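Let me begin by presenting the structure, written as structure tokens, before commenting on it.
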Amino acid sequence: MLIRRGHEPRENDVTPEAVYLRRREFLTTSVSAGLGAAAFGSAFLTGCGPGEASAGSQATLPTKLLPTVPGPPALATDEERTRYEDATRYNNFYEFGTDKTDPARYAGSLRPEPWSVVVEGEVAKPGRVPLEDLLKPHPLQERIYRLRCVEAWSMVIPWVGIPLGDVIARMQPTSRAKYVAFETLLDPDQMPGQRRRVLDWPYREGLRIDEAMHPLAILVVGMYGKVLPNQNGAPLRLMVPWKYGFKSIKSIVKIRLQEDQPATSWNISASREYGFYANVNPEVDHPRWSQARERRIGDLRKRPTLMFNGYADQVASLYSGMDLRKQF
Amino acid sequence: MALLESPRTRRRALRAATLTLGCLPAVWLVHAAFTDGLGANPVEKITHETGAWAIRFLMGSLLVTPLRRLTGWRNLTLERRTLGLFAFFYACLHFSTYLGLDLGFELGSLGEDISERPYITVGFATFLILGALAATSTRAAARRLGRRWKPLHRLVYLAGIGAVVHFLWLVKADTREPLIYAAILASLLGIRLWWRFQARRRSPQRSPDRVAG
């Protein structure tokens, strides 16, 4: 079976002391980021003119740095990084509105601290895990990945996170765990976009267990060396760089291991257009637009899209024998 | 407002207002382009804004006749053509942004998009209609076409429907904005049908065009 990882800590499971000692920094950072956002939010509501939405408020960008160790060099790209301002003001996060600028404008109402994640299903130890406990055993790594949206634009982002596989291994999945299902927070007070039924809330995503255990799949808590901004999915999001961006679910509150393939939000919304796998594939077009090319944010012209978003060497074997036109 | 008392001055003021209104979105876009006001994906922003303004001016031109009938202000008719030409102007910017920056002027990709993607098929057909209407919008063209001019220019209703369908078919999940345009268009076309129906009922012998609302 796939999940035969030892439960005793191996050497590289042990958090370096420096990182461990600075873990509070991460916590205080997120607390202050949260408080900052709240303070800024109330100032915005009381002091600012009409026109802005009554729900939600602008999120302040986190400033404190996260301690990281470099990720495996083989997994990093040396392409030019997307500007931080672009990565934080051009987002698809329908929980805050469907315009790309809505998340930056309204994600201030999200309270990423305190945060916990419900772990359930086919695991030895189900329960609610405080975020800091989920992260504690793992040193934060920097991973510079390409991000390809299904809408044919892309970015290059230095994420800060931990391998999803390591986290799942610690949950001790049973032999019936064939899939991992994720859920985003459901709270229209914090996420004003959920007051309109644009999607069937809460947002849901899922991976096959071997995809989830792949070393490229990470759980993200930061980017550009800093705590994850609210509009980018604070405080915990997924990043699966060989799949379209909508697979990389944000603001995760639930991780469930299960035997059946989970229902996923965009697939529920339009199953002809968004498959469960959603692997980046220039040869399989979205029914309404071509996926052959993409616009890298910052570029004027489009560039060719790469198979599996350029990660074919690492992940193509996961899909050998599958018809990627049918299992799109 | 003594200045606006003479009919000629009023006509000129209306003319100036229409021209200013028509140029404002373009001026705003150019200004935004030079002041980092178009966001992280300026090409997408320009494509969306020019498309939206094309629809808005098209709706504006369709609003002229009902407005004239409701207010009795005949001068409005003079602005209908200008509004239609502005719709075509923004549609041109919209189409050339897509052709140049999305497709890199590859006509093969254009053909593929038109034949395979319904929202582009509809959008392109709408663009062709607007082009034909713009090309035949001069007095000389109207004289040349004679009786055929009016039926040709009724294609503007089809262009309105095409523009809204194009928008509706390209959004991912949030249909609110295109549905607002659909509602506006439905009212603009609906009121014409209603008037036509009323006219027929009141005087079946007379041509509906001659019945005043």
Revision key, fill the gap. Those residues of region A:271-306 that are assigned to a strand (DSSP E or B) and over 26 Å from A:I209 (Cβ atoms) come to a total of 8
Exercise for review: Report, by residue number, each residue of region B:110-166 that is among the basic types (K, R) and more than 14 Å from chain A (Cβ to nearest Cβ).
Suggested key: B:R139, B:R143, B:R144, B:R147, B:R148, B:K150, B:R154
**Study point:** Whichever residue in region B:101-126 is under 23 Å from the mean Cα position of the chain (by Cα) and among the small types (G, A, S) and, among such residues, is least open to solvent (accessible area, probe 1.4 Å)
**Key:** B:G123
Practice item. Evaluate region A:231-238: report whether one residue or more is in contact with a helix residue (DSSP H, G or I) (Cβ under 8 Å, 6 or more places away or on another chain), open to solvent by 10 Å² or more (accessible area, probe 1.4 Å), more than 16 Å from A:R146 (Cβ to Cβ) and at pLDDT 95 or above. Key: yes
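Tell me, please, whether a residue that is of a type in the set (S, T, N, Q) and away from every other protein chain (no Cβ under 14 Å) can be found in region B:92-109.
Step one: filter region B:92-109 for residues of a type in the set (S, T, N, Q), giving B:96-97, B:109.
Still in the list and also away from every other protein chain (no Cβ under 14 Å): none.
Looking through region B:92-109, none of the residues is of a type in the set (S, T, N, Q) and away from every other protein chain (no Cβ under 14 Å).
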Review point. Just wondering, is there one or more residues in region B:37-50 that are more than 13 Å from chain A (Cβ to nearest Cβ), under 23 Å from B:V164 (Cβ atoms) and open to solvent by less than 40 Å² (accessible area, probe 1.4 Å)?
Key: yes
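Looking at B:R80, B:R10, which is the one that is open to solvent by 60 Å² or more (accessible area, probe 1.4 Å) and more than 27 Å from B:T126 (Cβ to Cβ)? Write out each step before concluding.
Values: B:R80 fails: more than 27 Å from B:T126 (Cβ to Cβ).
Result: B:R10 is the single residue among B:R80, B:R10 that is open to solvent by 60 Å² or more (accessible area, probe 1.4 Å) and more than 27 Å from B:T126 (Cβ to Cβ).
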Exercise for review: Return a yes/no flag: does region A:80-89 have any residue that is open to solvent by less than 50 Å² (accessible area, probe 1.4 Å), of a type in the set (F, W, Y) and in a strand (DSSP E or B).
Suggested key: no
Check your understanding: assigned to a helix (DSSP H, G or I) and closer than 30 Å to A:D299 by Cβ, is that true of B:A52?
Key -> yes
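Residue by residue, here is whether (1) within 19 Å of A:E79 (Cβ to Cβ); (2) within 10 Å of another protein chain (Cβ to nearest Cβ) holds:
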{"residue": "A:P287", "(1), (2)": "no, yes"}
{"residue": "A:R295", "(1), (2)": "yes, yes"}
{"residue": "A:R301", "(1), (2)": "yes, yes"}
{"residue": "A:F308", "(1), (2)": "yes, no"}
{"residue": "A:A316", "(1), (2)": "no, no"}
{"residue": "A:M322", "(1), (2)": "no, no"}
Exercise for review: Please work out which residue is least open to solvent (accessible area, probe 1.4 Å), limiting yourself to region A:94-128 and to residues that are under 23 Å from A:W266 (Cα atoms) and without any contact (Cβ under 8 Å) to a residue 40 or more places away in the chain.
Suggested key: A:K100
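Could you please let me know if A:F276 is more than 13 Å from chain B (Cβ to nearest Cβ) and in contact with a strand residue (DSSP E or B) (Cβ under 9 Å, 6 or more places away or on another chain)?
yes
Residues to consider are A:E95, A:E122, A:E142; find the one that is away from every other protein chain (no Cβ under 14 Å) and in contact with a Gly (Cβ under 8 Å, 6 or more places away or on another chain). Working first, answer last.
Details: A:E95 fails: away from every other protein chain (no Cβ under 14 Å); A:E122 fails: in contact with a Gly (Cβ under 8 Å, 6 or more places away or on another chain).
It is A:E142.
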Practice item. Could you tell me whether region A:214-229 includes any residue that is in contact (Cβ under 8 Å) with a residue 60 or more places away in the chain, part of a helix (DSSP H, G or I) and buried (at least 21 other Cβ atoms within 10 Å of the Cβ)? Key: no
Practice item. With respect to B:L179, determine if the residue is over 26 Å from A:T98 (Cα atoms) and either of a type in the set (K, R) or without any contact (Cβ under 8 Å) to a residue 12 or more places away in the chain (or both). Key: no
Check your understanding: Which residue pairs have Cβ atoms under 6 Å apart, sit 6 or more places apart or on different chains, and have a first residue in region B:13-38 that is in contact (Cβ under 8 Å) with a residue 24 or more places away in the chain and over 19 Å from A:K100 (Cβ atoms) and a second that is open to solvent by 60 Å² or more (accessible area, probe 1.4 Å) and in a helix (DSSP H, G or I)?
Key -> B:P25/B:W53
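Looking at region A:271-313 only, could you name the residues that are among the acidic types (D, E) and open to solvent by less than 40 Å² (accessible area, probe 1.4 Å)? It would help to see each step written out before you state the result.
To start, the set of residues in region A:271-313 that are among the acidic types (D, E) comprises A:273, A:283, A:285, A:294, A:299, A:313.
The answer is A:E273, A:E294.
The values are calculated or read from the model by the stated rules, or taken from the named source; none is laboratory data. Keep in mind the model is a prediction, meaning the values are calculated, not measured. Neighbour counts are summed over all protein chains in view; Cβ atoms, including those assigned to glycine, are modelled from backbone coordinates with ideal geometry. The area values use the complete protein model at the heavy-atom level, side chains included, leaving out ligands, DNA and RNA. Shrake-Rupley method; radii C 1.70, N 1.55, O 1.52, S 1.80 Å.
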